[in-house]
Amino acid sequence: MASSYELRCRECGKRFDIQPLSICDDCFSPLEVVFDLPAIKSKFTREAIAQGPWNMWRYRALLPVPDSYIPVTPSGMTPLMAAPRLAKRIGAKNLYLKNDAVCLPTLSFKDRVVSVALAAAQGFGFDTVGCSSTGNLANAVAAQAARLGLKTCILVPADLEPAKILNTQIYGATLVRIDGNYDHCNRLCSQIADRFNWGFVNVNLRPYYAEGSKTFGFEIAEQLGWRLPDNVVVPMAGGSLITKIRKAFQELIDLGLVEPKTVRFFGAQATGCSPIVQAVKKGGEHIEPQRPQTIARSLAIGNPADGPYAARAIRESGGWAEDVSDVEIVSAIRELAETEGVFTETAGGVTTAVTARLYAHGRISPDDLTVVAITGNGLKTLDALDGKFEQLPAIRPRLADFEEAYLDRIQPGRAPAQPAAPAVEGAYAR
Ligand SMILES: *Cc1c(COP(=O)(O)O)cnc(C)c1O
Ligand SMILES: [Zn+2]
């Protein structure tokens, strides 16, 4: 390899020079970036990484960006948080959240993939970039393209959550609303990319984009003190993230940064769009496309591009996949917020509910070290919680009114203080 990486067909193995291309011209299978690991070994050490910036670019030796690229967006290095209160609720003992609800700049893990895709786009000389998106990707492309001064063309299903539309338009992006679902957007995107020679992050730049997800896995290992967990639970839309976390762990093993270990991968989807989960449950890798119908819009891809690879990664690792209903998603969003103070979007509700199910069904043993991937922020899917909270009547600003209406809710069973008389000694001695 001239560079430290190249493109390779995932099925026939044909090699390609670095270029904006995602499909093999021989067998029409997806292309993937492959690194020359021996050539990188001396650059990718724990010490070298520790000297890098406190963000995903500390792993740039294993990201497919031009050598001359100077990162402008400090995405990644989100908290890995112990989750003891959630763990107790669901029968786990050693549970962690990898919290990309606070990934910069747009509060989802898509900031990672876009950082890499736009670095590649600039290297290829594109002046216009875009994507087809279920929401978070649109936000990330719009924000980062603004910062890089690139023109944008972003396609989304017309019925997307209002917050995700606003969080795209605020950055000055051109938002194309499509009467149709994500899969329709994606098809049109391919045609536009071909016709106008633009860089679409999840079409002709997809191999570069996908590598950005590896940083989610690198960070988990580094934050565990250069160890791998026993299990990870990952939400799946196109199925890319779950396969790339696995690739990241394998690269760390191959480069000697962590002890070899088989990490089990568990996939999570909403029942209303669960083509990958159904494949796993049937014991195969064949994806039967679905028409999405769920509040988890960020995961609503009925015909997932990396579906077969995601199903294979789960099966090979000894993991499993589960799907949960929209009602369970909403309860899980609340449960995560109430136990750990983390407000996630619907995708995180899917992952949390699936994690609880996996423990309840004994698919994960209580003592295992499990990392739950929280990939997006609850402020973007407020509509999923519409009408879920009772508003108590407003009260006059008086202590007696407060005691009557609220005290029992805050400390159930606590008797009101005796007549709100002047506070004298002994007033609390009852
Ligand atoms: C896109 C997305 C995912 C899934 O990513 P894939 O790589 O397409 O499987 C998960 N969570 C959130 C919040 C997302 O926006
Ligand atoms: Zn091929």
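The values are calculated or read from the model by the stated rules, or taken from the named source; none is laboratory data. All figures in this text were calculated on a predicted structure; none of them were measured in a lab. A quick note on method: Cβ atoms are made from the backbone with ideal geometry, for glycine too, and the neighbour counts reach across all protein chains shown.
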* Tell me which residues, restricted to the range 283-309, are within 24 Å of residue 107 (Cβ to Cβ), part of a loop (DSSP other than H, G, I, E, B) and not aliphatic (A, V, I, L, M). => 292, 294, 304, 306
* Residues in the range 8-16: is at least one within 24 Å of the chain's Cα centre (by Cα) and either in the same structural domain as residue 204 (by TED's automatic domain parsing) or more than 9 Å from ligand 2 (Cβ to nearest atom) (or both)? -> yes
* Asked: Just checking, how many residues over the range 34-54 are away from ligand 2 (no atom under 14 Å from the Cβ) and either in contact (Cβ under 8 Å) with a residue 24 or more places away in the chain or in the same structural domain as residue 222 (by TED's automatic domain parsing) (or both)?
  -> 10
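Matching residues to (1) away from ligand 1 (no atom under 16 Å from the Cβ); (2) farther than 30 Å from residue 307 by Cα; (3) surrounded by 13 or more Cβ atoms within 10 Å (Cβ to Cβ):
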{"position": "7", "(1), (2), (3)": "yes, no, yes"}
{"position": "12", "(1), (2), (3)": "yes, no, no"}
{"position": "16", "(1), (2), (3)": "yes, no, yes"}
{"position": "39", "(1), (2), (3)": "yes, yes, yes"}
{"position": "51", "(1), (2), (3)": "yes, yes, no"}
{"position": "57", "(1), (2), (3)": "yes, no, yes"}
{"position": "81", "(1), (2), (3)": "yes, no, yes"}
{"position": "84", "(1), (2), (3)": "yes, yes, yes"}
{"position": "89", "(1), (2), (3)": "yes, yes, yes"}
* Residue that is surrounded by the most Cβ atoms within 10 Å (Cβ to Cβ) [pool: residues in the range 18-33 that are within 13 Å of ligand 2 (Cβ to nearest atom) and in contact (Cβ under 8 Å) with a residue 24 or more places away in the chain] -> 31
